[in-house]
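Novice: There's a structure below that I have some questions on.
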Amino acid sequence: MSAAALVTVAPEHAQSRKAHWFRQPALMSGLAIIAIILFMVIAAPLLTSYNPNAQNLNATLQGPSAQHLLGTDQLGRDTWSRLLYGGRADLSIALIAVVFPFVLGTILGSLAGYFGGWADLTIMRLVDIVVAFPFYVLIIALVFVLGPGARSIYIAITVVGWVSYARIIRGEILIAKRQEYILAAQSGGLSNTRIMGRHLLPNVVTQAIIYAMSDIVLDILAIVTLSYLGLGIQPPTPDWGNMIANGQNFLTTHWELTTIPGLAVVITGLGLSLIGDGLADLLRPGQ
Amino acid sequence: MGRMSFVFRRLLLLVPVAVGVTIIVFFMVHLIPGDPARTILGIHATPHAIAILHREWGLNRPLLSQYWLFIDRLLHGDLGQSLIYGQSAAALILGRLPATLWLIIYSAVLAVIISVPLAMLAASRRNGIRDHAVRVVPLLGLGMPAFWVGLLLQLEFALTLHIFPVTGYGTGIGGHLRSMFLPSLTVAIALSPIVIRSLRASMLGVLGADYITTARSKGIPGRRLFVRHVLRNAVIPAVTVLGINIGFLIGGTLIVENVFAIPGIGDLMINSIFQRDFPVVQGVTLVFGVLVVLVNLLTDVAYAALDPRVRFDR
């Protein structure tokens, strides 16, 4: 019945979204912050002429100057350059790390929500077990046993992170599967895979995408924390976490070595949170 | 369904989670690439030392029997022997537990002290300037690495202003309160954004309820209305939010203990990681898991005792 109605409703809906998305101050400022950071990180070679690992023992622990925008550390390495390349390491790992738990959690969450019964029971007990461990405890323990490096970080974040997506998607599917269009698809004899993939998932995945924004923030914090402890990105590759750990030794005399990389983390987190908040307002205007 | 049966069913649900927690901790050994004994003891380990570790963990037995051995020891309070300190991991952890519990409780109290006024400020005028200002705080707070906040607090209040000690646990209750203030504040700052957000939302929900309209129409002044009617009903959700985020709270202490050199189990875990003291890492992971499960249980039971509307229907 509603094929015609859908055709007329859909463009209107899309248009109203189009008309409003740039009026979301949170979303716009978040996008601007992240765009600038991504540009600086990607264009790092254009924005600095220093190799982030090049030592200059004649110019150690210097303040900001025309040669060194943000000064140098105890080995005479350029802080501005290390900040840019460090962001590269952290952000690229965080952006990849968010994908695996998203996919795994979405699949397991839809299985639990759609089929219920044993699938639901098993998957949700698994969720309970993972949630029983504090986030950082399990991540640090896993990276410890697997050995430091990006691969271990991906595995640890996936093992710990999928539960939030599974919970969100399961909850959404429990509501969505009672709705008429799904009942119609079921009585039309469509296969479960087709119903889940073509009809349910596109309608429930927005919540998971909104959550993914704050999840990237969590992942960045986890990576930076691991690197601060010496378990994450290994020196000499710069990263915001090992920069803070390095600056810690000069806290009283050169506090900027600790403060600057931390501020980079905070600003990146703020940008992503703003995008998440803006997306949430945009995609669920009713709430 | 009565409250007793709620508690009973909640306890039953604990069994699979507890078993799962032990399975994960047990399998940590098997995630180590290669021969775990050789990896842990390092390249200079003698075949004799490796053989001892193999025997201790029963690594040459079938998996199921290894797990059984692990559980059997666990039930006797045996978490294995520390490879570094030469004492049992259980004794080591038990000795470090008080400092961590102090930090957890102190942080929770500070988080409530920070969050409740800010959430009230935000909820009192929805979409006002104060509301927008308070709503930015969580956005900033969520992206701050806890160890970094700790370092900055250390720099400002300990190294520059000399108000608090830089590190340590202090002696006596007064000493603990003073020494643990900065670390607890660090954890509280990390936790507050989450609490402020949900508290603001639940206060706005309460403000929209019929009984508030009734109270307003009776002419109860704004301040009293807020404290007597709104706050009371909004605090229960805040406690629940703290309970749900207990994993976050407890996990936060891990790194903060390290920054402030507090002799708790978090500091023990990180030091043991660097010394590759596997039994201790394993033991601390297990204790952290048990702590979270217990606190979650307590939150649920307290909630059921406080709020007569709670029914078990999941």
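Novice: Within 10 Å of each residue's Cβ, count the other Cβ atoms and sort B:T253, A:T225, B:T160, B:T22 from fewest upward.
Specialist: Ordered by Cβ neighbours within 10 Å, fewest first: B:T160, B:T22, A:T225, B:T253.
Novice: If you take all C-alpha pairs in chain A, what percent of them are over 33 Å apart?
Specialist: Counting every Cα pair in chain A, those more than 33 Å apart make up 36 percent.
Novice: Of B:I262, B:A215, B:V239, which is farthest on the positive side of the dipole of segment B:198-277, counting Cα position, with +1 on Lys and Arg Cβ, -1 on Asp and Glu Cβ, and the Cα centre as origin?
Specialist: Sorting the options by dipole projection puts first B:A215.
Novice: What is the magnitude of the charge dipole of segment A:174-262 about its Cα centre, with +1 placed on the Cβ of each Lys and Arg, -1 on the Cβ of each Asp and Glu, and no other charges, expressed in debye to the nearest 20?
Specialist: 580
Novice: Pick from B:N245, B:N233, B:N127: which is most flexible by mean-square fluctuation in a GNM of chain B where alpha carbon atoms under 10 Å apart are linked?
Specialist: Comparing B:N245, B:N233, B:N127 in the GNM, the peak value goes to B:N127.
Novice: For segment B:24-132, run through the trypsin sites (Lys or Arg not before Pro) and keep only the ones in DSSP coil with at most 16 other Cβ atoms within 10 Å of their Cβ. It would help to have the intermediate numbers written out before the result.
Specialist: Values: sites: B:R38, B:R55, B:R73, B:R96, B:R125, B:R126, B:R130; in loops: B:R125, B:R126.
Counting only loop positions with at most 16 other Cβ atoms within 10 Å, the trypsin sites (Lys or Arg not before Pro) in segment B:24-132 are B:R125, B:R126.
Novice: Continuing with the same structure: I want to check the label-to-label distance for B:V109 and B:V227. Put each point 7 Å from Cα in the C-beta direction and report it in nm to one decimal.
Specialist: 2.1
Novice: Related question: To the nearest Å, what is the center-to-center distance of segment A:234-287 and segment A:53-130, using C-alpha atoms only?
Specialist: Each part reduced to its Cα centre gives a spacing of 10 Å.
Novice: Which semi-axes, in whole Å and largest first, does the equivalent ellipsoid of segment A:15-127 have when worked out from the alpha carbon gyration tensor as the square roots of 5 times its eigenvalues? Numbers along the way, then the final one.
Specialist: Details: eigenvalues 387, 104, 19 Å².
Whole-Å semi-axes of the equivalent ellipsoid: 44, 23, 10.
Novice: Where a ≥ b ≥ c are the square roots of the eigenvalues of the C-alpha gyration tensor, would you call the protein assembly as shown rounded, which needs a/c under 1.5, or, failing that, prolate if a/b is larger than b/c, or oblate?
Specialist: In terms of gyration-tensor shape, rounded.
Novice: Something else now. R0 = 30 Å: FRET efficiency of B:H132 with B:T214, Cβ-based, nearest 0.05?
Specialist: 0.50
Novice: Ok, one more. Other chains' Cβ within 10 Å of A:238-244 residues: what's the mean?
Specialist: Whole-number average of other-chain Cβ neighbours for A:238-244 is 1.
Novice: Continuing with this model, one more query. Evaluate the distance, in nm, between pseudo-label points positioned 7 Å from the Cα of B:L63 and of B:L140 along their respective Cα→Cβ axes.
Specialist: Between B:L63 and B:L140, the simple spin-label model gives 5.0 nm.
Novice: Moving on. For chain B, with only Lys/Arg (+1) and Asp/Glu (-1) charged at the beta-carbon, what is the dipole magnitude about the Cα centre, in debye rounded to 20?
Specialist: 1480
Novice: Largest first and in whole Å, what are the equivalent-ellipsoid semi-axes of segment A:153-287 based on the Cα gyration tensor, each being the root of 5 times an eigenvalue? Numbers along the way, then the final one.
Specialist: Numbers: eigenvalues 368, 55, 15 Å².
Semi-axis lengths for segment A:153-287 are 43, 17, 9 Å.
Novice: Under 5 Å between amide hydrogens, which residues at least 5 positions from A:G71 or on another chain qualify, with H placed 1.01 Å from N in the peptide plane?
Specialist: Result for A:G71 returns A:S65, A:T79, A:W80.
Novice: Mind checking which of A:V130, B:L297, A:G76 is farthest towards the positive end of the protein assembly as shown's charge dipole, using Cβ charges of +1 (Lys, Arg) and -1 (Asp, Glu) about the Cα centre?
Specialist: B:L297
Novice: Right, here's the next one. Using Cβ counts within 10 Å as a stand-in for footprinting exposure, how do B:L92, B:L11 rank, fewest first?
Specialist: Ascending number of Cβ neighbours within 10 Å: B:L11, B:L92.
Novice: Now a separate question. Round to the nearest 10 and give me the degree value, 0 to 90, for the angle of helix A:99-115's Cα axis relative to the longest principal axis of chain A.
Specialist: Computed tilt is about 20 degrees.
Novice: Please check: in the Gaussian network model of chain B (C-alpha springs, under 10 Å), which one of B:L182, B:L83, B:L225 has the largest mean-square fluctuation.
Specialist: In this elastic network of chain B, the residue with the biggest mean-square fluctuation among B:L182, B:L83, B:L225 is B:L225.
Novice: Here's another thing I want to ask about it. Helix A:79-97 versus the longest principal axis of chain A: what is the Cα-based angle in degrees, 0 to 90, to the nearest 10?
Specialist: 20
Novice: How far apart, in nanometres, would the label points at A:S191 and A:N51 be if each is projected 7 angstrom from Cα along the Cα-to-Cβ direction?
Specialist: 5.5
Novice: In sequence order, what are the phi-derived ³J(HN,Hα) couplings for segment A:258-275 according to the Karplus relation 6.51 cos²θ - 1.76 cosθ + 1.60 with θ = phi - 60°, rounded to whole Hz, with x for glycine and proline?
Specialist: Those phi angles translate into 8, 5, 4, x, x, 4, 4, 4, 4, 5, 4, x, 4, x, 5, 5, 4, 4 Hz.
Novice: Determine the shielding of peptide B:273-281 by partner chains: average, over its residues, the number of Cβ atoms on other chains within 10 angstrom of each Cβ.
Specialist: On the way: counts 8, 4, 0, 1, 0, 2, 0, 0, 5.
Other-chain Cβ atoms within 10 Å of each residue's Cβ, averaged: 2.
Novice: Have a look at A:T48, B:N271, A:L95 and report the one farthest towards the positive end of the charge dipole of the protein assembly as shown, computed about the Cα centre with Cβ charges (Lys/Arg +1, Asp/Glu -1).
Specialist: Farthest towards the positive pole: A:L95.
Novice: Placing +1 at every Lys and Arg Cβ and -1 at every Asp and Glu Cβ, with all other atoms neutral, what dipole size does chain A have around its Cα centre, in debye to the nearest 20? Working shown, then result.
Specialist: Working: 15 positive and 14 negative charges, 132 e Å.
Dipole magnitude for chain A comes out near 640 debye.
Novice: Taking the Cβ-Cβ separation of A:N203 and A:D281 as r and a Förster radius of 25 Å, what is the calculated FRET efficiency to the nearest 0.05?
Specialist: Once rounded, the FRET efficiency stands at 0.85.
Novice: Arranged by the count of other C-beta atoms within 10 angstrom, fewest first, what order do B:T46, B:T299 take?
Specialist: So the residues, fewest neighbours to most, are B:T46, B:T299.
Just so you know, all these numbers are worked out from the coordinates, no wet-lab data involved. In this text, all values refer to a predicted model and were calculated from it rather than measured experimentally. Note that each Cβ is placed from the backbone with ideal geometry, even for glycine, and that neighbours are counted across all protein chains shown.
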